[in-house]
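Step one of this worksheet: look at the structure below.
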Amino acid sequence: MQRILDAVRALDGVLELAPTEGSGFPELAWGDHFFYYAPDGKVPEREQPYATIVTKDYPDDTASDLDPEGRWRLNIHVGKAVAAEVAGEGPEGAVGPPDFAAADVFLPHPVYGSLGWIAVVVPGERTFDRAVELLRDAHEQARKRAERRSAVGGSGGGAEG
């Protein structure tokens, strides 16, 4: 996980939220990481993170089996076209649904795949380089959205593109 964190933290204008005990965030989010484009250091009001790292199962998201020690998942918003290219057309493949618990494989996000999110459980040798490339692209897209909002006089609000 450290290699992914280092790659994202090196991007200009990145804001990382990493909730811990006593941080004011719900306990469920402790240990996870949420990445935004926010050069001013403020979480955008109407923007979702462009990538996350989750370290445990959530009540509505258990298909990746993240609770065992050492398991975590990188999630990246890449858009529907790139998601289809990288992770397949959707939750149903030719032989049935994907194994969302498989490690080091690009998959549609188990919950948000239809919205252009992909997921990789414990990125490794097969997926690391491409995952970093996709993170950079997602960061750049978030930067462009922020610039568009700023150009039309928005204060962090507006529709995502």
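The values are calculated or read from the model by the stated rules, or taken from the named source; none is laboratory data. Keep in mind it's a predicted model, so treat the numbers as computed, not measured. With ideal geometry, Cβ positions are generated from the backbone for all residues, glycine too; neighbour counts draw on all protein chains shown.
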Original post:
Just for segment 121-131: of the residues that are within 10 Å of L74 (Cβ to Cβ) and assigned to a helix (DSSP H, G or I), which one is nearest to the chain's Cα centre (by Cα)?
Top reply: A131
Subject >> Residue list for segment 10-56, filter: β-branched (V, I, T) and either surrounded by 19 or more Cβ atoms within 10 Å (Cβ to Cβ) or at pLDDT 95 or above (or both) >> reply: V14, T20, T52, I53, V54, T55
**OP:** Starting from segment 27-51, take each residue that is of a type in the set (G, A, S) and list its partners that are modelled with pLDDT under 95 and not in a loop (DSSP other than H, G, I, E, B), counting only C-beta distances under 9 angstrom and pairs at least six apart or across chains.
**Re:** A38/A146
Original post:
Considering segment 57-71 alone, what residues qualify as being buried (at least 18 other Cβ atoms within 10 Å of the Cβ) and within 18 Å of I4 (Cα to Cα)?
Top reply: L66
